Amino acid sequence: MSGSTSGQVELPLRWLKPSAEPVSVVCATRVYYWDGHWDTVLGRAIRCSGSDCAYCDRAQAVERRWVIGVKRPGGERFLFEMRKRQRAAIDLLTELGEASVGQRLSIRREGDSPTSPVTVSVLSMTATVERWEIEKLVSVLGRA
Ligand SMILES: [Zn+2]
């Protein structure tokens, strides 16, 4: 490993897609979040722009999405999105802050359907991992 990627947006973005087979990953970042609205026409979440938000004006619910950067056993890095259902893991990782880096997680989908719920377990084990800077990446998620 050489050089630093701090501050650069790396493309393409790869998102971890949980499956019924549990995957063990190591957190390479703390937890970040962003607030958005699901746009049924665009078929994707659009970031809430706050006071002048057209979705808020139409009383559409704001949904928070938590994002963490993880490293798979092969060394590949992925972004992983968590929603309210993973609240226990989110709370734990949020409390850990920067100490999340190096925490091992086990992630699995509770079924074969892509809509089956996903369980995230924070294992009480750590690993050495190079910190990944994703703050800028997360700051552009959901931008029009
Ligand atoms: Zn809004």
**Prompt:** When you scan segment 71-103, how many residues do you find that are aliphatic (A, V, I, L, M), surrounded by 14 or more Cβ atoms within 10 Å (Cβ to Cβ) and over 16 Å from Tyr33 (Cβ atoms)?
**Reply:** 1
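The rows are residues; the columns are (1) at pLDDT 95 or above; (2) farther than 28 Å from Ser116 by Cβ; (3) among the β-branched types (Val, Ile, Thr); (4) out of contact with any Gly (no Cβ under 7 Å at 6 or more places or on another chain).
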residue: Gly7; (1), (2), (3), (4): no, yes, no, yes
residue: Asp35; (1), (2), (3), (4): yes, no, no, yes
residue: Gly69; (1), (2), (3), (4): yes, no, no, yes
residue: Leu79; (1), (2), (3), (4): yes, no, no, no
residue: Met82; (1), (2), (3), (4): yes, no, no, yes
**Fill in**
Within segment 35-56, residues surrounded by fewer than 10 Cβ atoms within 10 Å (Cβ to Cβ) and either more than 8 Å from the ligand (Cβ to nearest atom) or closer than 17 Å to Arg85 by Cβ (or both) come out as Thr40, Val41, Leu42, Gly43, Ser51, Asp52
**Message:** When you scan segment 38-52, do you find a residue that is without any contact (Cβ under 8 Å) to a residue 60 or more places away in the chain, assigned to a strand (DSSP E or B) and of a type outside the set (Ser, Thr, Tyr), even just one?
**Reply:** yes
**All positions within segment 12-25 that are under 18 Å from Leu137 (Cβ atoms) and surrounded by 14 or more Cβ atoms within 10 Å (Cβ to Cβ)** = Leu16, Val25
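Do we find that Val129 is under 28 Å from Trp38 (Cβ atoms) and not in a helix (DSSP H, G or I) in this structure?
When the stated conditions are applied, Val129 does not pass them.
Determine whether Ile68 is among the β-branched types (Val, Ile, Thr), surrounded by 12 or more Cβ atoms within 10 Å (Cβ to Cβ) and in a strand (DSSP E or B). So that I can check it myself, show each step before the final result.
Details: among the β-branched types (Val, Ile, Thr): yes; surrounded by 12 or more Cβ atoms within 10 Å (Cβ to Cβ): yes; in a strand (DSSP E or B): yes.
So Ile68 passes the test.
The values are calculated or read from the model by the stated rules, or taken from the named source; none is laboratory data. The shown structure was predicted, so the numbers you read here are calculated from the model rather than taken from an experiment. Every residue, glycine among them, receives a Cβ derived from its backbone with ideal geometry; neighbour counts consider all protein chains shown.
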